[in-house]
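Participant: The structure under discussion is supplied below as structure tokens; questions concerning it will follow.
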Amino acid sequence: MWHGTRLRLHEGGCAFLVGLTTELEGEACEVIRFCGKAKKWVVRLADRAFAGKEVLVKERHVSFTYAVLPDFVDSARDANFCVKTGPAGRYLVATAPFSK
């Protein structure tokens, strides 16, 4: 887990960029690391058009999102979730146990 100025995000976490240029607004990205010297997050743009480009962005421009990994799709399908919003963005809370 990487510690930013106020966010703590896992390497490989999914996020969206917010409050940047029109081209990057809402762009999906992958968290790579936090650069303490620059006080910015290093993220890899997910869209193939960007060819895996990594960019430095200020923390206020990173909005964390959630994803269910393919290996867990079958068990997640039957579970109940509640969507919450916090300082880092959206996240899911399971409201029922996962089936096996």
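Participant: How far apart, in nm, are two points set 7 Å out from the Cα along the Cα-to-Cβ line at T95 and at E30?
Facilitator: 3.3
Participant: Also, quick follow-up: Taking H as built 1.01 Å from N, whose amide H comes closer than 5 Å to the amide H of E27, not counting residues under 5 places away?
Facilitator: Hits under the 5 Å cutoff: L17.
Participant: In whole Hz, with x marking every Gly and Pro, tabulate ³J(HN,Hα) for the stretch 11-28 from phi via Karplus 6.51 cos²θ - 1.76 cosθ + 1.60, θ = phi - 60°.
Facilitator: With coefficients 6.51, -1.76 and 1.60, one gets 4, x, x, 8, 8, 10, 8, 9, x, 10, 5, 4, 4, 9, 4, x, 5, 6 Hz.
Participant: Please work out the FRET efficiency for the pair E59 and V83, using the Cβ-Cβ distance as r and a Förster radius of 30 Å; give the result to the nearest 0.05.
Facilitator: Values: r = 22 Å, r/R0 = 0.74.
After rounding, the FRET efficiency stands at 0.85.
Participant: Rounded to the nearest 0.05, what FRET efficiency is calculated for A46 and M1 with R0 set to 22 Å and r the Cβ-Cβ distance?
Facilitator: That pair, A46 with M1, gives E of 0.60.
Values in this text are rule-based calculations from the coordinates and carry no lab data. Because the structure is a prediction, the values reported are computed rather than measured. Positions of Cβ are generated from backbone atoms using ideal geometry, with glycine treated the same way; all protein chains shown enter the neighbour counts.
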